[in-house]
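Nothing in this text is a laboratory measurement; each read-out follows from the coordinates by a stated rule. Model, not experiment: these values are computed from the prediction. Note: ideal-geometry Cβ built from the backbone for every residue, glycine included; neighbour counts use all protein chains shown.
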Amino acid sequence: MAPAAPAVKRDRTHYLYIAVIVAVALGIAVGFAAPDFAVELKPIGTGFVNLIKMMISPIIFCTIVLGVGSVRKAAKVGKVGGLALGYFIVMSFVALAIGLVVGNIIHPGSGMHLTEAVKGVGHTQAQAAAEGPVDFLLGIIPTTFVSAFTEGQVLQTLLVALLVGFALQAMGRSGQPILRGVEHIQKLVFRILGMIMWAAPIGAFGAMAAVIGETGMDALKALGTIMLGFYITCALFIVIVLGTLTKLVAKINLFQLLKYLGREFLLIVSTSSSESALPRLIAKMEHLGVSRPVVGITVPTGYSFNLDGTMIYLTMASLFIADAMDQPMSVGQQIGLLLFMMVASKGAAGVSGSGIAVLASGLQSHKPALVDGVGLIIGIDRFMSEARAVTNFAGNAVATLLIGTWTGEVDKERVNRVLAGELPFDEKTLLDDNEDDVPVDVPEQGGEKELAKA
């Protein structure tokens with residue numbers, strides 16, 4: 001008699017995301033029913049996001065080291081990185097142009113009025129805003145080798161990981177034991193992240209209750225025009241621009257990809273931060289069939305340089321403030337301001353509130369009289385932050401797939417099977433334990449990435 005097949009463990013993580021939806025609804029209800037109490041719950045949401053952010057540096061480090069270290073030719077890494085940066089710059093211009101057109105059509109700030117209390121907010125934000133380009137570049141270099149991990153700086157972690165990856169390339173076979181050790185550490189880190197995710201409903205409840213308690217209905221009603229316009233603009237960008245690119249280049253339906261990443265979008269909406277889903281995006285894009293070097297380079301870099309939602313937000317918010325203060329800008333002034341903001345925004349990795357600081361610093365530099373109006377948008381920034389984060393996340397997911405396709409680093413057969421549901425993502429560990437179904441490295445064969453046929 002043949003031995004009985006081992007029982008397949010049921011995936012119970014779908015209960016977790018049902019709980020997140022219920023928690024968000026409860027948070028909204030508490031925010032309206034007891035706003036003062038709801039505001040006190042803000043540390044709960046902040047604590048959960050901080051737990052996720054705690055894991056980002058080690059995940060990025062392991063992913064990039066494994067991706068770069070397993071590819072013997074450094075030129076291949078440079079090709080992926082150069083292509084990614086070029087794509088990010090082009091998409092930033094596209095996002096700015098879309099926001100510019102929509103903002104000039106709907107004039108969202110017309111009819112608003114400033115109060116004295118509002119005027120001081122923008123100046124406070126501008127003083128705390130991002131540093132200049134030289135300081136930004138110097139800030140990429142960590143104080144010590146390990147400070148990139150302790151300070152949670154994505155770009156610093158990226159630099160250290162690239163250096164380690166290239167060093168392992170140069171070590172050849174003697175570096176293979178180190179690579180295997182890093183791979184085991186990556187599995188451990190993802191396992192810890194899976195444990196943290198079970199706190200998502202509590203974090204979502206606290207975050208949503210706090211924002212509803214702080215904002216209330218008055219701000220939503222008064223600023224509904226720009227909110228609605230911004231949400232529609234982001235949706236059009238995702239569906240038309242990203243959808244067209246995905247169909248033409250990768251030959252897949254964007255909505256299939258968005259469905260595959262549905263749990264990540266729910267997490268982003270709950271926490272208002274695309275960083276909360278960064279580790280899961282890395283794991284899911286590798287599972288989808290994009291090679292480890294492409295994922296390891298494109299995703300972390302995109303979180304600092306591919307901020308499509310932030311570009312649209314900066315455009316529309318600037319025009320909103322100019323209209324609200326009856327100081328409309330000429331097209332030339334608009335373009336100059338937004339080009340500055342495109343540079344200033346790099347490094348703002350989708351964290352809630354970073355957009356306001358960049359907005360304030362840009363206005364302070366180009367048209368100081370408008371800084372007084374930044375306070376007008378503070379009330380709904382949290383809701384606009386959600387749309388920014390969702391758009392940034394979708395843009396980075398699509399970018400990873402497109403760059404993988406352009407460089408021939410995507411297993412297209414696997415992509416179709418994953419999106420069709422034939423190869424479900426392992427939610428228990430955030431990693432695939434079945435090595436027959438995942439991309440594998442074959443360093444003995446020239447160090448190039450080989451995509452296993454599923």
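Among rounded, prolate and oblate, which fits the range 268-314 when a ≥ b ≥ c are the square roots of the eigenvalues of its C-alpha gyration tensor, a/c under 1.5 means rounded, and a/b larger than b/c means prolate? Oblate is the answer for the range 268-314, as a/c is 1.5 or above yet b/c matches or exceeds a/b. In terms of the mean number of neighbouring beta-carbon atoms within 10 Å, the peptides 383-394, 305-316 order highest first as 305-316, 383-394. Straightening the chain between Asn104 and Ser174 buys 19.2 nm, computed as 0.36 nm per residue apart minus the Cα-Cα spacing. Debye-formula intensities of the range 24-104, expressed as log10 I(q)/I(0) at q = 0.19, 0.22, 0.23 Å⁻¹, are -0.90, -0.96, -0.99 (one equal scatterer per alpha-carbon, no solvent). For the residue pairs Lys187/Lys251; Lys259/Lys284; Lys79/Lys259; Lys251/Lys284, alpha carbon separations beyond 24 Å are given by Lys187/Lys251; Lys79/Lys259. Between Phe255 and Ile192, what FRET efficiency follows from the Cβ-Cβ distance if R0 is 41 Å, with the result rounded to 0.05? E(calc), rounded to 0.05, equals 0.80.
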